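Written out below as structure tokens is the structure these notes cover.
The values are calculated or read from the model by the stated rules, or taken from the named source; none is laboratory data. All figures in this text were calculated on a predicted structure; none of them were measured in a lab. Heads up, the Cβs are rebuilt from the backbone with ideal geometry, glycines too, and the neighbour counts pull from every protein chain shown. In case anyone asks, the SASA skips ligands and DNA or RNA and just uses the protein heavy atoms, side chains included. Shrake-Rupley method; radii C 1.70, N 1.55, O 1.52, S 1.80 Å.
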Amino acid sequence: MPPPLRCAAFKHLRESRDLKQADLARLAGVSLRTIERYERAEEAPRDEEARLLHLMDYGPDAVDEIVQATLRGERPVAAPASPVDPTTHDLRLVRRLAGEASRNALDATEAHLLRFVSHWRACRARAKATDLVNTLLSLSPERRRLRVESMRQFQTWAVAERLAEQSEKAAPNKADMALELAELACLAADQAEVTELFRPRLQGYCRAFVANAQRVGGKLQRADETFEQAWALWEAGAPGDPGRLLAEWRLLDRHASLRRSQGRFTEALELLDSARAMAPLDAHGRILLNQGSVFMEMEDVERAFQSFEVAEKRIEALGDRRLLMGSRFNQARCLCDLERYAEAEQRLPRVRELAEELRNELDLHRVRWLDGRILAGFGRTGEAHEAFEQVRRALTARGIAYDCALVTLELALLLLDQGRTAEVRSLALKMVWIFRSERVHQKALAALRVFCEAAKQETATLDLTRRVLRFLERARHNPDLQFEE
């Protein structure tokens, strides 16, 4: 005699989980004979059935769903009327399939709703974290750290994530602040109320931004070691992040920047390809900007220009003015390197407009610097001289040593081309403060010293100055490069 329908349904659900009767008995704390009875002869009491279903990760109505689908498939059917009506056998089969389909649809709907709830919870947490991080940014570093250490509202995964992203935003102009924010993100990750499965994932994510800040500060070896730690933690936390709450493409993108700074260009491009493959479409513009920077370091200006141009199209739709500024500025810069000055001049007003909109003084100085390069390209040396000198004075006043060295060398090229060696000598004397700066690493200073010594003796040449300028551009974040005299 076949077992009752509910018993058969219960057995089917257990077997679907690849559980043996003995395993379920042990899990439920009942005897093996009890499980055998529930599957062969006697229906389990409803509260006990619900408990056993919960242990197997089913809802309390799982048995009812199978029973209803079965009953629907077995109820009496009318005999076919026309020659093409489904036969009785056909109808029973269709009803069984319909029951299966309804269960599958229910499972799919449940999975979709669970994903929706997770997404909603993530959005809510991130929105709250944005406000909390904005509050932190208004405080001193000491008070920021104190709040994260002592207040639970700042000890969340979303606050850690937002701090890491703020570190990335600060990195291009404020390496010290970028490092402070990334380390603060790590502190929040260490104290966040998350599962121990997820914690390594969060810690690895934040450590990657510490590495990025170290890279910008010229500590490439340390950044490499930190990235190794970050990836190890990230992989260890994979079981705790099956829904990929945190964005792996961001880590790949930042790692690519490190490889770019190290001169390991092939690896950098491979990492960026991987990042783009898993990133959402609205992140592709950011990744293409990084790709363009790699091509610039490779001195493949044509491909760099193409990357920046495509990046602009992707970024415009997002409305991110900061990224748009980067793509447009770099396009104009590439056109200058390609000596396509007329095209660069046409793009300059759009770059200046964005810089003014962003209200970042350093951006405005860089636009004026770009203006000087375009003017020099057109042979308008007087106006170019005025532009370079204006930028040089502004950067000196702000103590921005590395950029000041670069624009001073561009100004020197302009003067040397006119044979004005005495003025180049005067420029070299004005660069003394740069050698006292902690922002310029020793290899860069050694190359700059070669130029300054030659300039003081009025023996500096266009070739030497160009080589020092190019070296400083390439060595900015790579203190391991060696200048060849």
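Go through 22, 38, 12 and say which Cα lies farthest out towards the positive end of the charge dipole of the range 12-51; charges sit on Cβ, +1 for Lys and Arg, -1 for Asp and Glu.
22
List residues of the range 450-485, by number, whose backbone nitrogen lies under 15 Å from a label position 7 Å along Cα→C-beta of residue 337.
467, 469-477
Round to the nearest 10 and report in Å² the accessible area of residue 278, as given by a 1.4 Å probe over the protein chains' heavy atoms.
Solvent-accessible area, nearest 10 Å²: 90 Å².
With every protein chain present, what accessible area does residue 169 have (1.4 Å probe, heavy atoms only), rounded to the nearest 10 Å²?
150 Å²
Around residue 408, under 10 Å between beta carbons, what's the net of Lys plus Arg minus Asp minus Glu among the other residues?
Summing Lys/Arg as +1 and Asp/Glu as -1 gives -1.
Where the centre of each part is set by its Cα atoms, how far does the range 436-475 sit from the range 2-63, in angstrom?
Between the Cα centres of the range 436-475 and the range 2-63 lies a distance of 79 Å.
If 305, 265 are ordered by their accessible area, calculated over protein heavy atoms with a 1.4 Å probe, which sequence runs from highest to lowest?
Listed by decreasing accessible area, they come as 265, 305.
If you put +1 on each Lys and Arg Cβ and -1 on each Asp and Glu Cβ, how big is the dipole of the chain around its Cα centre, in Debye rounded to 20?
For the chain, the charge dipole is close to 840 debye.
Magnitude of the Cβ-charge dipole of the range 361-485, K/R +1 and D/E -1, about the Cα centre, nearest 20 debye?
200 debye
Which label belongs to the value computed from this structure, given these candidates for Cα Rg over 2.2 N^0.38 Å: (i) 0.98; (ii) 1.19; (iii) 1.42?
Label of the calculated value: (iii).
Helix-derived [θ] at 222 nm for the chain: sum -39500 (n - 2.57) over DSSP H runs of at least 4, divide by residue count, nearest 500?
Taking each H run of at least 4 residues, the total per residue is -24500 deg cm²/dmol.
Which order do 261, 31 take when ranked by solvent-accessible area (1.4 Å probe, heavy atoms of all protein chains), largest first?
In descending accessible area the options line up as 31, 261.
May I ask you to list the GluC sites (Glu not before Pro) in the range 181-216 that are in a DSSP loop and have at most 11 other Cβ atoms within 10 Å of their Cβ?
Sites meeting the loop and neighbour criteria: 193, 196.
Sort 156, 459 by heavy-atom solvent-accessible area, probe 1.4 angstrom, most to least.
Highest to lowest solvent-accessible surface, that is 459, 156.
Full extension from residue 389 to residue 350: what is 0.36 nm times the residue separation minus their Cα-Cα distance, to one decimal in nm?
In short, 11.7 nm is gained.
As I understand it, the dipole of the chain uses +1 on the Cβ of Lys and Arg and -1 on the Cβ of Asp and Glu, about the Cα centre. Which of 311, 261, 448 lies farthest toward its positive end?
Positive-end residue among those listed: 448.
Run down the lysines and flag those whose C-alpha is under 19 Å from the C-alpha of residue 443, throwing out any fewer than 8 positions away in its chain.
By straight Cα distance, residue 443 reaches 219.
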